[in-house]
1. Sort out which residues of the stretch 221-237 are in contact (Cβ under 8 Å) with a residue 60 or more places away in the chain and within 16 Å of the ligand (Cβ to nearest atom), and write them in order of number.
2. With the requirement that a residue be over 19 Å from S231 (Cα atoms), in contact with a His (Cβ under 6 Å, 6 or more places away or on another chain) and either free of Cβ contacts under 8 Å to residues at least 40 places away in the same chain or crowded, with 22+ Cβ neighbours inside 10 Å (or both), what does the stretch 63-91 give you?
3. What number of residues within the stretch 110-163 satisfy the criterion of being under 16 Å from H83 (Cα atoms) and touching an Asp or Glu at 6+ places or on another chain (Cβ under 6 Å)?
4. Please go through the stretch 58-111 and pick out each residue that is more than 20 Å from H324 (Cβ to Cβ) and of a type in the set (S, T, Y).
5. Please specify each residue of the stretch 243-276 satisfying the condition of being within 16 Å of the ligand (Cβ to nearest atom) and not in a strand (DSSP E or B).
6. Closer than 21 Å to D29 by Cα and modelled with pLDDT under 85 - does that describe any residue in the stretch 341-364?
7. Could you identify the single residue in A53, A121, A107 that is surrounded by fewer than 20 Cβ atoms within 10 Å (Cβ to Cβ) and under 21 Å from F164 (Cα atoms)?
8. So which residues in the stretch 205-220 are free of Cβ contacts under 8 Å to residues at least 40 places away in the same chain and within 20 Å of A326 (Cβ to Cβ)?
Amino acid sequence: MKYNEKLHPGDRSLINRNLRYFVPEQVFDVHAHLYSTAHYPKGTLPWLEKVSALGLKQYESAMQMTLGREGIPGLFFGLPHRHGDRDKINDWLAEEVKNGGDSVNYALKLVSPTDDPRLVANDLQARKFIGIKVYHVYAERQDTMNASIPEYAPDWMWEILDQFHGVLMLHIVREGGIADDENIRELRRLCKMYPRVRVILAHIARSFNYRTAYRGLSQISDLDNVVVDTSAICESETFEEAIKTVGPARILWGSDFPVSELRGRCITTGDHFFWLHPEVLLDDLAGKVENTMTLVGIESLLALKEACENQGLRKSEVADIFYHNAVRWLTPDDTSSNRLPQGPGPKMWREGHPRRYSAVVKTRGNV
Ligand SMILES: [Zn+2]
């Protein structure tokens, strides 16, 4: 797969027909990576080999291209990789975000379990970063995709975040994602033990396979200090389940830039998911779909739009997903902005949409 800087006519047609009227005026992106090739050994990220740096400027032009919005504020962090130089990534990113023009942007620090907790605490105290981004590649094991949460987000990180009311961007792993018993148990334990940590479960709690959303989301939806982001999810079923179980007030839009600029989508297959890109297909097939597959970011927005329409969300709820939920979540001490509604997601959805709730109960037997 490769990073794209240009739209095809097919992309433009999808945007004009679907997204121009769906995406609200105000947008806040809670999940975007910035990148500089200088911080990784040569050849580390082949899909970005044609770009040298993806700073705020490149981010803004990509968002302008698909969303038609200028100066989108966001929550930014580096691209985690075992061989990346974390110190350089973090320092560069913090500078980039600080000098980022008129928008109010925030940064998360990429942190590994082996990092010095005192340095992490200092950076949070100085507001250089408002929280941390963890990732399974920093777990101390070979098969890091099987790591449980404390292996890459140990208790010391939660303690520090709890102290500073910090944000934790958490992309869980293990085959079952949010339907995995170990993930559910650890998430529940850590969220209850450290209630001031503001947890963002990336990719709707890693529900690339919508069946894991069906099985798992309702088991964590009562946790008050958890929200989910939409980044890179391309299955409308996942979004619909999130709307019903977590509630539209706890869903935050994220682009997952620069993943958003790849062609293809992530699909559910059996108990797994698969990243489908033109580049993973045999040559003659790849040539045929190169002009028809659209960008991951556009796929994700289309799936979100379909879910919002199918669930009958109001315009104001869509505006919450794209902007207000993020502002409330990232500035909890700002008493001038409305706080997130209290109470578990299912209750909020049930009370907000009583007729749709009873229809779902009839067809599915539960919610
Ligand atoms: Zn990401």
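1. Once the filter is applied, which keeps residues that are in contact (Cβ under 8 Å) with a residue 60 or more places away in the chain and within 16 Å of the ligand (Cβ to nearest atom), the stretch 221-237 yields V227, D229, T230, S231, A232, I233, C234.
2. Listed by number, the list holds a single entry, I89.
3. Adding up the residues that qualify gives 1.
4. Residues satisfying the conditions are Y59, S61, T66.
5. Filtering the stretch 243-276 down to residues within 16 Å of the ligand (Cβ to nearest atom) leaves 252-262, 264-266, 273, 275.
If the condition is that a residue be within 16 Å of the ligand (Cβ to nearest atom) and not in a strand (DSSP E or B), then W253, G254, S255, D256, P258, V259, S260, E261, L262, G264 are the ones that fit.
6. Going residue by residue through the stretch 341-364, those that are closer than 21 Å to D29 by Cα are 341.
Right, trim to modelled with pLDDT under 85 and you get 341.
Checked against the condition, which is being closer than 21 Å to D29 by Cα and modelled with pLDDT under 85, the stretch 341-364 yields at least one hit.
7. After ruling out the rest, the residue left standing is A121.
8. A205, R206, S207, L217
The values are calculated or read from the model by the stated rules, or taken from the named source; none is laboratory data. Model, not experiment: these values are computed from the prediction. Cβ coordinates were reconstructed from backbone atoms using ideal geometry, including for glycine residues, and neighbour counts include every protein chain displayed.
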